[in-house]
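Working notes, beginning with the structure itself.
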Amino acid sequence: MRYRFASALLGAAFAWAATVPGFAAEATPEALVDALNAVFGKHKGLRASHAKGVCAEGRWIPTAAGRELAKSPLFAAEAPVIARFSLAGGNPRVSDKSRTPRGLALRIALPGGEEHDFVLLSTPVFQAKDPDTFLGLLRARAPDPATGKPDPEKARAFMEAHPDTKVFAGYVAKMPITASYATTPYWGVHTFWLTDARGEKRPVRWSFEPEAGVVGLSEKELEQKPDDFLAGELRERVAKAPASWLVKLHLGQAGDSIDDPTKTWPEDRPTVTVARLAIAKVAAEGEKGACDPLMFAPDKLASGFEPSNDPILGIRTAAYAVSLARRME
Ligand code: HEM
């Protein structure tokens, strides 16, 4: 009885904390998934975020420049890839015309048995600098239980109080609406540590540059498109020729942000093209595909790579595991 009273009090305190800009309750993986469910609804069997997506398969083709940079098995030899392209957010019926980031998740099965996952976004930064801020942002965007509708003023006030959340919003406001998953660039957002060929640890970040170029849709083209076209477009494109990206490692320098995924690095940082990603097969319409039951883990890294102390990177895999457990129920 006493416990129930205490937990009711705690619940009230959490609800209060979520409504006050500048104050967010402590984020746990469960709380983050609950907050995603509160914003987007619970959808049986589907991911709590990036609910809408399509499975694909392809090859990871490392370059000689990658092998020169580091001895990691990620650069050793060509390897098969399981991929999933998606739209951010937990709404499985979101329109492909939405101004929401696109996602790309990859699992690379490396020779020797190791695996390396990428879980990327089409923005170079994330929405918040740490899990508490992200939780506060999600709670500020959730529908008000009294009205059943989100209160834009609450989200605006939260963002004003947390300027780090405005960086991502700025990119999303300007990003072209993707004509194809294959004409979309993707970024790793976080910093990782790479042990280079000389045995030195250096900070690196990932970007994937589409070889077909970055192509967005004009206002007029958007009007003519249906709400679902991205998966079909990719299927048709790949039936003719693989869709490909140049995979770049950006080499950080002293003073570059390591642990904050809302901060980009200066444009002039050296890059090395370490691989080419070629997507050669897309799951048929109505078919789930190999990626569907998988949980891509942002910290599943080949030897030679280590995660930074970025707190968003630190909590992601645990939150994805909560989502996986719920979608398997
Ligand atoms: C604390 C921050 C974050 C939380 C709580 C979160 C939460 C989630 C959850 C619950 C899923 C579904 C996982 C599953 O059921 O397998 C998901 C998927 C995804 N997230 Fe995040 N995420 C966060 C940050 C990020 C960041 C920083 C990126 C990219 C840079 C990202 C990109 C993606 C992508 C691409 C997917 C789809 C993966 C797939 O296709 O299986 N997320 N996220």
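The values are calculated or read from the model by the stated rules, or taken from the named source; none is laboratory data. Every value quoted in this text rests on a predicted model; they were computed, and no experiment measured them. Ideal geometry is used to build each Cβ from the backbone, glycine not excepted, and the neighbour counts take in all protein chains shown.
What to note about this one:
- Looking only at residues of segment 93-112 that are more than 21 Å from Leu277 (Cβ to Cβ) and either of a type in the set (A, V, I, L, M) or touching a helix residue (DSSP H, G or I) at 6+ places or on another chain (Cβ under 9 Å) (or both), we find that the one that is surrounded by the most Cβ atoms within 10 Å (Cβ to Cβ) is Asp96.
- Just one of the listed residues (Ala65, Ala88, Ala35) is over 19 Å from Lys225 (Cβ atoms), buried (at least 17 other Cβ atoms within 10 Å of the Cβ) and either modelled with pLDDT of 95 or more or within 10 Å of the ligand (Cβ to nearest atom) (or both), and it is Ala35.
- Total residues in segment 140-196 satisfying the condition of being assigned to a loop (DSSP other than H, G, I, E, B) and of a type outside the set (Ser, Thr, Tyr): the figure is 20.
- Meets criteria (part of a loop (DSSP other than H, G, I, E, B) and either near the ligand (Cβ under 9 Å from one of its atoms) or farther than 20 Å from Phe134 by Cα (or both)) for Leu294: yes
- Identity of the residue in segment 137-166, in contact (Cβ under 8 Å) with a residue 40 or more places away in the chain and farther than 15 Å from Leu36 by Cβ, that ends up surrounded by the most Cβ atoms within 10 Å (Cβ to Cβ): Phe158
- Some residue of segment 129-136 being among the hydrophobic types (A, V, I, L, M, F, W, C), over 15 Å from the mean Cα position of the chain (by Cα), surrounded by 19 or more Cβ atoms within 10 Å (Cβ to Cβ) and more than 9 Å from the ligand (Cβ to nearest atom): no
- Cross-chain or 6+ apart pairs with Cβ under 9 Å, segment 239-250 first and on the phi > 0 side of the Ramachandran plot, then part of a strand (DSSP E or B) and of a type outside the set (Gly, Ala, Ser): none
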